[in-house]
Amino acid sequence: MIPVICPIRSTLRLASVRSASAPCTRLFATVVPYHPRRPMGKKKSSTPSEDHLKLSNHHSASESSTPIVDTHTHLSSTFNAYRSRYKEAKHSTLLEFMKAMYEGHKVEAIVDVWCEAPVQKKEWKALADSAITEEGRNKDWGGIQYWFVMGVHPHEAKLYTDAVEKDILEAMAHPRCVGWGEIGLDYHYDNSPRETQQEVLTRQLRQAVRLGKPITIHTREAEEDTERILKAEVPRDHKIHVHCFTDSPEFALRLMEHFPNLYIGITGVITYTTNLNTAELIRRLASSSSSLRIVLETDAPYMIPSNIYSSLPALAKNGGGSLRLPLSHTAMIPWTAEFVAGVAGDGWDTEKVMRDARANAGLVYGV
Ligand SMILES: [Zn+2]
């Protein structure tokens, strides 16, 4: 189930991460705050040892299976969550942590998301620059294709300024930047006034359209306004990824009909019993087409697919249930794909979902 939301920005957690970190010799140990879309998990006392974060391969994985592409992950936030949850953490830099989690999982590409205001200039540039050349990607990323998008999240719309926009425009010119986002409307939390959210969304859409950049949309309980603004501002053929979709299937279908290059982002939230919309949408898509217009994403560190616990018997508790992992990461994507295949029904399996989603990631972001 989706736990209760903590609306407090995680400055305390950030401070504790800073003091807990060993003095870092590597640039990539820098800590960046994360926006609290959802909480990290349950209480500290129930956190399993960090060894459990390193997963065995999903049962569908093989030499010939489709590699993992995660179209939406917050790398810095995931590393922060890891460092704050594990005081004696084994990995002291983001790159070390990421490589350890992904090792052996055929991770081909990730789209990292920077959506804070003000822009974390030093941090995004350090990561993106390290991935410009093949040599750099082999050395720092274990050969993974690192890409990123940038924008200001609706939670932080009230912090959008000309200076922030200038910083985003600078990032848009970077060779590893593949889109503008995540931007949108979130009326569930209302962390910024709705009018401000709409203004800032419109402003960012105009820039993205002007530059021809794919757009990553965050929309939650704001169907009417999101649809109205997108249709007014974005040309029909523009590339759009509606990330971590949880709203009504009808809303998704209307957007997909209007925008032929719009794809729906599916995270582990599809596995939650409190969210039936996402599975219902998959059912409808699968019943009307032999391929799915979706991309797979983690939204890490959030949205751990709940079916992963059946692959982690060591976490089972006496008397039922299991210890919960404190964060998600890219290697969990096949569990979400497996769940999607189960919902889609006859003729679908994990591999086919992975294949469709991988092709779509290329269509929307060129990755
Ligand atoms: Zn996100």
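The values are calculated or read from the model by the stated rules, or taken from the named source; none is laboratory data. This is a predicted model, so every value here is computed, not measured. Glycine gets a Cβ as well: all are built from the backbone with ideal geometry, and neighbour counts include every protein chain shown.
Number of residues in segment 252-282 that are surrounded by fewer than 15 Cβ atoms within 10 Å (Cβ to Cβ) and in contact (Cβ under 8 Å) with a residue 40 or more places away in the chain: the value is 2. Residue 178: buried (at least 21 other Cβ atoms within 10 Å of the Cβ) and over 19 Å from residue 364 (Cβ atoms), yes or no? No; evaluated as a whole, the condition is false for this residue.
Among the residues making up segment 298-347, those that are under 16 Å from the mean Cα position of the chain (by Cα) and among the aliphatic types (A, V, I, L, M) are 300, 303, 304, 327, 331, 332, 333, 337.
Yes/no matrix, rows are residues, columns are (1) closer than 12 Å to residue 301 by Cα; (2) under 19 Å from the mean Cα position of the chain (by Cα); (3) modelled with pLDDT under 95:
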site	(1), (2), (3)
71	no, yes, no
76	yes, yes, no
82	yes, yes, no
87	no, no, yes
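Could you check how many residues of segment 108-142 are farther than 23 Å from residue 184 by Cβ and touching a Pro at 6+ places or on another chain (Cβ under 7 Å)? Residues in segment 108-142 being farther than 23 Å from residue 184 by Cβ and touching a Pro at 6+ places or on another chain (Cβ under 7 Å): 2 in total. Restricted to segment 207-261, and to residues there that are out of contact with any Leu (no Cβ under 9 Å at 6 or more places or on another chain) and polar (S, T, N, Q), the residue that is farthest from residue 114 (Cα to Cα) is 246. If the condition is being without any contact (Cβ under 8 Å) to a residue 24 or more places away in the chain and in a loop (DSSP other than H, G, I, E, B), then segment 220-232 contributes no residue at all.
Filtering segment 155-200 to residues that are farther than 16 Å from residue 119 by Cβ and within 19 Å of the chain's Cα centre (by Cα) leaves 178, 184, 185, 186, 188, 189. Taking residues in segment 291-314 that are acidic (Asp, Glu), and partners anywhere that are part of a helix (DSSP H, G or I) and within 14 Å of the ligand (Cβ to nearest atom), the pairs with Cβ atoms closer than 9 Å and at least 6 places apart or on different chains are 299/268; 299/269. Can you say whether residue 291 is part of a helix (DSSP H, G or I), out of contact with any strand residue (DSSP E or B) (no Cβ under 7 Å at 6 or more places or on another chain) and of a type outside the set (A, V, I, L, M, F, W, C), as far as the supplied structure shows? No, not satisfied.
Residues that are acidic (Asp, Glu) and assigned to a helix (DSSP H, G or I) do occur in segment 267-287. The set of residues in segment 46-86 that are without any contact (Cβ under 8 Å) to a residue 60 or more places away in the chain and either within 16 Å of the ligand (Cβ to nearest atom) or of a type in the set (Gly, Ala, Ser) (or both) comprises 49, 62, 64, 76, 79.
Taking segment 313-367 as the range and being among the charged types (D, E, K, R) and in a helix (DSSP H, G or I) as the test, the residues that pass are 338, 351, 352, 355, 356, 358. Going by the structure shown, is residue 209 modelled with pLDDT of 95 or more, in contact with a strand residue (DSSP E or B) (Cβ under 9 Å, 6 or more places away or on another chain), among the aliphatic types (A, V, I, L, M) and crowded, with 16+ Cβ neighbours inside 10 Å? It is false that residue 209 is modelled with pLDDT of 95 or more, in contact with a strand residue (DSSP E or B) (Cβ under 9 Å, 6 or more places away or on another chain), among the aliphatic types (A, V, I, L, M) and crowded, with 16+ Cβ neighbours inside 10 Å. Of all the residues that make up segment 233-251, how many are in a helix (DSSP H, G or I) and touching a residue at least 12 places away in the same chain (Cβ under 8 Å)? Of the residues in segment 233-251, 3 are in a helix (DSSP H, G or I) and touching a residue at least 12 places away in the same chain (Cβ under 8 Å).
For segment 226-243, the set of residues classified as within 13 Å of residue 185 (Cα to Cα) and crowded, with 18+ Cβ neighbours inside 10 Å consists of 226, 229, 230, 242, 243, listed by residue number.
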